[in-house]
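Heads up: the structure comes next, in structure tokens.
The values are calculated or read from the model by the stated rules, or taken from the named source; none is laboratory data. Since the model is a prediction, treat every value here as computed from it, not as a measurement. Positions of Cβ are backbone-derived with ideal geometry, glycine not excepted, and every protein chain shown enters the neighbour counts. All accessible areas refer to the heavy atoms of the entire protein, side chains included, with ligands and DNA or RNA removed. Shrake-Rupley method; radii C 1.70, N 1.55, O 1.52, S 1.80 Å.
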Amino acid sequence: MTNVKTVNNKVKLDPVTFEVLKNGFINLVDQMAEQILRTCYSFVIYNRDFSSALCDADGNTVMQGTQDISVHVGTLHLTAKAVIEDFGDDIHPGDVFLVNDPYRGGTHFNDVRVIRPVFYNDKLIAFMQSNGHWADMGGSVPGSFDINSKDHYGEGVRIPPVRIWSKGKYLSDVANLIVSNMRVPEERLGDLRAQAEATKVAEKQLIRLVEKYGLDTVLTAFEEVQDYVERLTRAKLKELPNGTWETVDYIDMDPELGDGLIPIHVKMTIKDGEIYYDLEGSHPYIGCFLNSAFGSTLSALYAGTKTFFPDVPLNSGFYRVIHTHLPENSVVNAPWPVAVTGFCSGAYEKIMNACFELWSNIIPERALACSFNLEYLLIGGWDKRANYDRYFMWYDWMAGGHGGRSDRDGANALSPVFGLGLSIQPCEGQERLSPVITTKHEIIPDSGGPGKYRGGCGVEKGGILTKVKDTVMSYCCDRSRSVTWGLFGGLPSYPHGAWLNPGKENEQFLGAIFSNVKVKEGDSFTRPSAGGGGLGDPLQRSPEAVLEDVIDGYVSIERAEKDYGVVIREIDRDLDQYEIDMEATQRTREYIRNNRKKWLNEDINVVYEMYKKGEIDKLDLIRRYGVIVDFKNDTVLKKSTQQFREMLQKRSVAYWD
């Protein structure tokens, strides 16, 4: 064919055909997304907690879509290969497979993949894959996020590769067997059909390309787009220095061990166009669901790396340059049947943010401090509103602040780095579908970590339950102790945690992880998302920028003085009229500069007594003194404080003059 030529005995596409097909593959995957958005049953999936991929006949990812979720995309080739491994030659036209197994390369049980093999003239040429987050997979609590689960049996249905359509025939008995073990099974079946139909749409589009350009051309394009990404990535890496960099980030705790942050150690080596990640030294797997199986950890390393190469497409060609060592039986490589459903709030984002720090040292013009932690609040029970009388699942995630950048402030109220393609769920839709009314959803002043470039602000979202019965609440989060950190002299942001009945006599702080808490009609709740960490010394932030933050409501007058040393006087709040006292600012900054290192060595018990007496507040505890408190039990955590202070010494103090 005229659009294929041979170079050194290797078939190669001409540049025009290559670009046309490369973008055709992207469009094909995006059409899967559009189909899912228009046919899904779940509000969670409708708000884009899904991803799609085109894989070649060997299961390698050829192309992702333009708004897919990073955590999903980095694992889709693994689950395609799992189907090939289990079924081999027993794969036929019209077959469709289902898998959600995190121990076979998936993420967690809620992420269910529908995989359709594509044939042309009886030849297997590709796999279309649609991954969607099903709001419930069964298990011990609604939403399937149970902090008390030590193994996967409490987390819901584990689905190894299983055939759900056989040669075009829908196996309703198999599907019903699976969804009958889940809450709201009719919604699960609806999402299954939506995902299957999306892969069918993509199949038709691929066949159209084959019939237009020829099978050999399209199969060559599969290879070429992966080779292109590999060449492009290697070329960029060869422009960087060889070397080794390492860091540690932390999960808050192991509930079975109590006080003490859980280390995740990431060492990265660049050598002659290759990347080597070694996670040796990471903690053994812990006694709750914040562990990560190997697929999720690989995805975190891919996504953390890809963030610093935004112009490089993502497919299996990118993965070829990354080599990993994941210690067995660890929090980053948890084996079957260890609980892993909360990996997204646990190990995953710690690995991503650790990668951000490492790459910030290598490509400083793209430097990025730590971003807020992904969190899920789940409420499930019986909806007793008039004309409803059915089981409901209220499944919510929040926006938060991203870390300060090398030359600008972090983004406010953005989706988590776990998946920037996620939409923030509209309150109106949630209230129509569930007996939960949103009472507030607003940016939190002072939540962004102070820095020369401030971390983005987090938000607070509150709600109240209306007509409910037999209802429970669960929360999957982290960084109430390993608070979102700053970089290159920047300071931390704000701790996570949820409150039940805030401001009432029965007010209760529930913490950052809990499950199966009983709630009833009239109960209210609220929780903040953290801001991002600051980047650079906050004393180097211009007073004028701090003033603008005060005017915008991102920073209070009090914290402007405490965190930035900028003294601002209010003239007329309604007219946004404020002024900087430059002489007082100079004195305050000198005072902070002379004392801040000493504050971080202050006796923990003395600091805690100051807090109990109201002499300092929660942000003073964290930012000035580096003291970590269990706000649920109102106790100071000495081991966690020691680890947190060591982290501050490395990421902040080392860059202060």
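Rounded to the nearest whole Å², what accessible area per residue is found for the stretch 508-657 with the 1.4 Å probe?
On the way: 7090 Å² over 150 residues.
I get 47 Å² per residue for the stretch 508-657.
For n ≥ 4 DSSP H runs only, could you compute -39500 (n - 2.57) per run for the chain, divide by its residues and tell me the 222 nm figure to the nearest 500? Mind dumping the intermediate values first?
Numbers: 16 runs with 205 residues, N = 657.
Estimated from H runs of four or more residues: -10000 deg cm²/dmol.
Between residue 407 and residue 235, with labels modelled 7 Å along Cα→Cβ, what's the label distance in nm to one decimal, could you check?
About 2.3 nm separates the two model spin labels.
For the stretch 400-437 and the stretch 234-284, write down the distance between their C-alpha centroids in whole Å.
Going from one Cα centre to the other spans 27 Å.
I'd like to compare 215-222, 41-48: which one has the highest average count of other Cβ atoms within 10 Å, and what's the full order after that?
Details: 215-222: 19.6, 41-48: 22.2.
Top of the packing list down: 41-48, 215-222.
What relative contact order, as a whole-number percentage, does the stretch 15-232 give when Cα pairs under 8 Å and 6 or more residues apart are counted?
Numbers: 403 pairs, mean separation 51.9, N = 218.
Relative contact order here is 24 percent.
Taking K and R as +1 and D and E as -1, what net charge do the other residues with C-beta under 10 Å from the C-beta of residue 281 add up to? Mind dumping the intermediate values first?
Working: positive: 267; negative: 246, 278, 280.
So the environment of residue 281 carries a net charge of -2.
Short version: ³J(HN,Hα) in whole Hz for each residue of the stretch 263-275, in order, from phi by Karplus 6.51 cos²θ - 1.76 cosθ + 1.60 (θ = phi - 60°), x for Gly and Pro, what are they?
Coupling constants for the stretch 263-275: x, 10, 9, 10, 10, 10, 10, 9, 8, 6, x, 10, 10 Hz.
Length gain on complete extension for the stretch residue 186 to residue 466, per 0.36 nm per residue less the alpha carbon to alpha carbon distance? It would help to have the intermediate numbers written out before the result.
Working: separation 280, 0.36 × 280 = 100.80 nm, distance 2.39 nm.
Once the chain is fully extended between residue 186 and residue 466, it gains 98.4 nm.
Please list, in order along the stretch 35-41, the HN-Hα scalar couplings obtained from phi with the Karplus expression 6.51 cos²θ - 1.76 cosθ + 1.60 (θ = phi - 60°), rounded to whole Hz, x for Gly and Pro.
With coefficients 6.51, -1.76 and 1.60, one gets 5, 5, 4, 8, 10, 5, 9 Hz.
Sequence-distant or interchain residues sharing an amide H contact under 5 Å with residue 383, placed H: which?
Placed amide hydrogens put 390, 391, 392 under 5 Å from residue 383.
Counting only protein heavy atoms, what percent of the accessible surface of the stretch 15-232 is carbon or sulfur at a 1.4 Å probe? Display every interim value, and only then the final one.
Numbers: 3570 of 7430 Å².
The computed percentage sits at 48.
For the Cα atoms of the chain, what angle does the longest principal axis make with the long axis of helix 582-599, in degrees from 0 to 90, nearest 10?
70
Which peptide among 616-622, 578-584, 28-34 comes first, and what is the full order, when sorted by highest mean count of other Cβ atoms within 10 Å? Write down the numbers at each step before the final one.
On the way: 616-622: 18.6, 578-584: 13.6, 28-34: 21.0.
In descending order of packing, they fall as 28-34, 616-622, 578-584.
Using per-residue counts of other Cβ atoms within 10 Å, averaged over each peptide, order 392-402, 235-245 from highest down.
Order by mean packing, descending: 392-402, 235-245.
What's the angle, to the nearest 10 degrees (0 to 90), between helix 76-87's Cα axis and the longest principal axis of the chain?
It works out to around 40 degrees.
Probe radius 1.4 Å, ligands and nucleic acids ignored: give me the carbon and sulfur share of the accessible area of the stretch 504-630 as a rounded percent. Numbers along the way, then the final one.
Values: 2610 of 6100 Å².
Exposed carbon and sulfur together represent 43 percent of the surface.
Could you work out the relative contact order of the chain? I mean the mean sequence separation of Cα pairs under 8 Å and 6+ apart, divided by the number of residues, in percent. Each step should come with its number before you reach the end.
Values: 1676 pairs, mean separation 72.3, N = 657.
The normalised contact order for the chain reaches 11 percent.
Consider the candidate values (i) 0.99; (ii) 0.96; (iii) 1.09; state which one is Rg/Rh (Cα atoms, Kirkwood Rh) computed from the structure displayed.
(i)
Would you pull out the residues with amide H under 5 Å of residue 120's amide H, same chain only if 5 or more places away, H placed 1.01 Å from N?
For residue 120, whose amide H was placed from the backbone, the distant partners under 5 Å are 125.
Under 5 Å between amide H atoms, partner at least 5 residues away or on a different chain: which partners does residue 293 have, H built in plane at 1.01 Å?
So residue 293 has HN proximity to 334.
Shape call for the stretch 507-657 from the C-alpha gyration tensor, a ≥ b ≥ c root eigenvalues: rounded (a/c under 1.5), prolate (a/b greater than b/c) or oblate?
Details: a/c = 2.17, a/b = 1.29, b/c = 1.69.
The shape class here is oblate.
Rounded if a/c is under 1.5, else prolate if a/b is larger than b/c, else oblate: which is the stretch 424-547, with a ≥ b ≥ c the root eigenvalues of its Cα gyration tensor? The partial results should precede the final answer.
Working: a/c = 2.92, a/b = 2.18, b/c = 1.34.
The shape class here is prolate.
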